[in-house]
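A quick write-up on the structure given underneath.
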Amino acid sequence: MSPTGNWSYPTAIRFGAGRLAELPDACAAAGISRPLLVTDRGLAPLEITTRALDILEGAGLGRALFAEVDPNPNEVNLAAGVEAFRAGGHDGVIAFGGGSGLDLGKMVAFMCGQTRPIWDFEDIGDWWTRADASAIVPNICVPTTAGTGSEVGRASVITNSETHVKKIIFHPKVLPSVVIADPELTVGMPKAITAGTGLDAFAHCVEAFSSPHYHPMSQGIALEGMRLVIDNLPRAYATPDDLEARANMMSAAAMGATAFQKGLGAIHAMSHPVGAIWGTHHGTTNAVCMPAVLDLNAPKIRDRFDRAAPYLGIDGGYDGFRAFVQDFNDGFDIPRKLRDLGVTTDRTDDLVAMALEDPSCGGNPVTLTAENLRGLFDKAI
Ligand SMILES: [Fe+2]
């Protein structure tokens, strides 16, 4: 049995297999009558995208599509999306896809009525108050992977096309008005993407759970999110059309992103620059980095993983969890080292400098320095 539900936390979520059919209802609820569907180039020709456009057209909502979106969406993609939005006279965005389509779609809805450049809204202090909130149009998020959790977030990651640095752009009104979380949309994912995106959700939960900041709600969500990934990712990987496993992974993805309000950590601080320089898959990169980061953080996180391990079905407390993580990665054919993803040792100075600048640093339980980050990169590469 594949579960269904209607949730209002952290936003309105229509959860369950087949609920893509409710796209017109979601548009009505969000006050959108001329939607622009934003996705990435890879998804544009796929059947699930055609299905979504057919549903919109059948309800008299048009079939407008913008798909000039790169795997790491940048400000050039965004400018083209805003132009398409304005030219089409649209009044809202349906952000459709994995992290790329969701993040860029959310930003088109955010930027279509702004006059300042995107970088003025980076997630620093109160920079978000620079935006004209009345000019932000609603967005509806429809995830087609189970990993990023961007569908429940108030921010997007946009890459600067010149410097290749990833920036987080934040505004409270970027939170989707409605999410349609339909696990049927994830059934066709290639196995490596099922694993990589699922392990991104796992890293969100592990890092949020490890973060020292006080946020008991996030702590609870992160714990259950870890359990859902541990119990369901192997099933979704082995049997792609197992809708119950797919549904539980879709929940875990939303939970990971909800939980990481509490903070991320060294896994993401490493993965962001590695991805920026070498274009590696984000979730897969996280998975490769996780064992080294658990080792560094062990003195600070041992107690909490000793408590969590029995709930996760793992013997041996923290040490059992650490051993489990390596076996879990191996089960999805995740490489043991970053060099197997093409990363070389000649850019370690740049990686360390970029990692220290990464906002994820602040959530790591052991304070990150140039020295310990160098040690992490040496170990992981
Ligand atoms: Fe992530």
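Once you charge only the Cβ atoms, +1 for Lys and Arg and -1 for Asp and Glu, what is the size of the charge dipole of segment 1-82 about its Cα centre, to the nearest 20 debye? Show your work: numbers first, answer last.
Numbers: 6 positive and 9 negative charges, 45 e Å.
Dipole of segment 1-82, to the nearest 20 debye: 220 debye.
Go through Lys167/Lys300; Lys167/Lys191; Lys106/Lys166 and tell me which ones have a Cα-Cα distance over 21 Å in this structure. Show your work: numbers first, answer last.
Numbers: Lys167/Lys300 29 Å; Lys167/Lys191 29 Å; Lys106/Lys166 16 Å.
From the list (Lys167/Lys300; Lys167/Lys191; Lys106/Lys166), the Cα-Cα distance tops 21 Å for Lys167/Lys300; Lys167/Lys191.
Once you put a point 7 Å from the Cα of Asp303 and another 7 Å from the Cα of His213, both along the Cβ direction, what distance in nm separates them?
2.1
If I fit a long axis through the Cα atoms of helix 317-331 and take the longest principal axis of the Cα atoms of the chain, what angle between them do I get, 0 to 90°, rounded to 10?
Roughly 60 degrees between the two axes.
Only bridges whose two residues both fall in the chain count here: according to DSSP, what percent of them are antiparallel, nearest 5?
Bridges in the chain are about 30 percent antiparallel.
Taking the chain as the reference, fit the longest principal axis to its C-alpha atoms, fit the long axis of helix 47-58 to the helix C-alpha atoms, and give the angle between the two in degrees, 0 to 90, nearest 10.
30
Once both labels are modelled 7 Å past Cα along the beta-carbon direction, what's the Trp7-Ala323 spacing in nm?
3.3
Modelling each spin label as a point 7 Å along the Cα-to-Cβ direction, I'd like the Asn372/Arg51 distance in nm, to one decimal.
My value for the distance between the label points is 4.6 nm.
Determine the gain in length on full extension of the stretch Tyr311-Asp295; use 0.36 nm per residue of separation and subtract their C-alpha separation, reporting nm with one decimal. It would help to have the intermediate numbers written out before the result.
Numbers: separation 16, 0.36 × 16 = 5.76 nm, distance 2.12 nm.
Fully extending the segment from Tyr311 to Asp295 adds 3.6 nm.
For helix 75-87, report the angle its Cα long axis makes with the longest principal axis of the Cα atoms of the chain; keep it between 0 and 90° and round to the nearest 10°.
Once rounded, one gets 20 degrees.
Loop-only check: which chymotrypsin sites (Phe, Trp or Tyr not before Pro) in segment 199-235 are DSSP coil with at most 16 other Cβ within 10 angstrom?
Qualifying residues, ordered by number: Tyr214.
If R0 is 45 Å, what FRET efficiency do you get for Arg130 and Glu224 from their C-beta distance, rounded to 0.05? It would help to have the intermediate numbers written out before the result.
Working: r = 37 Å, r/R0 = 0.81.
According to the calculation, E is roughly 0.80.
What residue among Leu175, Leu264, Leu53 shows peak mean-square fluctuation when the chain is described by a Gaussian network model with Cα springs under 10 Å?
Comparing Leu175, Leu264, Leu53 in a Gaussian network model of the chain, the most mobile one is Leu53.
What ranking of Lys166, Lys300, Lys106, Lys191 comes out by heavy-atom accessible area, probe 1.4 Å, highest first?
Lys300, Lys191, Lys166, Lys106
The values are calculated or read from the model by the stated rules, or taken from the named source; none is laboratory data. No experiment lies behind these values; they were computed from the predicted model shown. Cβ coordinates were reconstructed from backbone atoms using ideal geometry, including for glycine residues, and neighbour counts include every protein chain displayed. The accessibility values were calculated without ligands, DNA or RNA, using every heavy atom of the protein model including side chains. Shrake-Rupley method; radii C 1.70, N 1.55, O 1.52, S 1.80 Å.
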